[in-house]
Amino acid sequence: MLALSHYNSSSSPLLPRSSNDSGGKVEARVAVGGLSQQGNLTLLQPTTSGVIVVILSMTLGIISNIVALFILANAYSQLRRRNKATFLLFASSLVFTDFIGHVIPGALVLRLYLSGGVHPDDFNSSDGMCQFLGGSMVFFGLCPLFMGCAMAAERCLGVTKPLLHSSLVTKTRAKICLSAIWLAALCVALLPCFQLGSYAYQDPGTWCFIKVLSDTQEMDMAFVVLFSGLGLASLAVALVCNTISGLTLVLARLRRKPGSHHSAKSHDIEMVVQLVGIMVTSCICWSPLLIFSLMSVIRSYTGSIAEDLSSYKTLMVMAVRLATWNQILDPWVYILLRRTVLRKIYLIAKCQAGMRGTIIGRWEPNSFPSSEKHQVNQV
């Protein structure tokens, strides 16, 4: 989604966000510098290492998503199975959304970082860039969660009711579902444009999100409840569907007769394993931000956050940094959890287990012929 910058405490002043007069800049610099020297104001100034971290994070995310897109596109062009093709269509759309969601907000954060960020006095304000960045975070945050939920539901139907799945799920309907997901996430992200919630700059002034820490209104709390509720509900539905799919495949595996053909089940196992990987990644990366946002806005609205405001600011920054790794880790689910890779891992593990069994077998007592039996054979 974006890569947040690293800040260090410093007595050096932070330049104002916008000023057309050079003399005004000098006066602001001197005034703020004087306050800093007196110890009445603590400012944060970006470091060079922070820029490097942002650039490296964006580069890693771009490379990971491009590699995953290439693998998925190659698999989609070679596969003729309709259920697998539908899954790959969802997966390709998810990776493409992650790619765009990593580049656009990340570029805006990098621009804010290089310009010196936003002055602390303007944290509760919002301009065009903040509106766009906050909307991008909400949109590109909900889309992967919605898609992961839709993919889990589609696979659950395919595993438990294959005949119904073959009659209901088509490429056209899958594309309609994807369009509905993007439209739903966009509608939620655009709610502040209709005064239903608001976006604001967040500490340390290099990113925008829903107003959750100060001056929150009823609409802000409703907006956060909607955002967090939809995200957590998507994760819960994905968890239930993947659990049902996994248990169904395990039971089918146990009931399968030896030597029976199970190539179709191997495709299902591969897809369910990938979906479990997506679900685990999303839960780890997104749950903290969804939960902390909900806790912060409730405490801010009730006025009980003042004594713990700095702690909640730290938690929010850590949570959004963790959420940015979702776009980096999602592609590796498809890169590493493919059937070819899983088969190699299985063969390696089986080979290691066979070698271990051979070594143990050499030292078992009945693996050595007795001396009497050896003499009888000679006679």
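Here are some notes:
- Cα-only radius of gyration and Dmax that characterise segment 200-315, units Å: 21.0, 67
- Ratio Rg/Rh [Cα only; Rh per Kirkwood] for segment 131-205: 1.16
- For segment 275-347, the orientation-averaged shadow of the C-alpha convex hull comes to 5.6 nm² (one quarter of the hull surface).
- Summed over the residues of segment 143-279 and divided among them, the accessible surface reaches 47 Å² per residue at a probe radius of 1.4 Å.
- Virtual spin-label span in nm between LEU183 and ALA252, 7 Å along Cα→Cβ: 3.3 nm
- Neighbour cut-off at most 16 other Cβ (10 Å), DSSP loop, trypsin sites (Lys or Arg not before Pro), segment 195-262: ARG256
- Accessible area of LYS350 (1.4 Å probe, protein heavy atoms only, ligands and nucleic acids ignored): about 120 Å².
- Heavy-atom accessible surface of ARG299, to the nearest 10 Å², is about 60 Å², with a 1.4 Å probe and all protein chains retained.
- Relative to the current alpha-carbon distance between SER166 and LEU336, full extension at 0.36 nm per residue lengthens the span by 58.4 nm.
- Solvent exposure ordering (accessible area, 1.4 Å, most first) of GLU307, GLU154: GLU307, GLU154
The values are calculated or read from the model by the stated rules, or taken from the named source; none is laboratory data. Just so we're clear, the structure is a prediction, and the values are computed from it rather than from any experiment. Backbone-built Cβ (ideal geometry, glycine too); neighbour counts: all protein chains shown. Heavy atoms of the whole protein, side chains included, go into the accessibility calculation; ligands, DNA and RNA do not. Shrake-Rupley method; radii C 1.70, N 1.55, O 1.52, S 1.80 Å.
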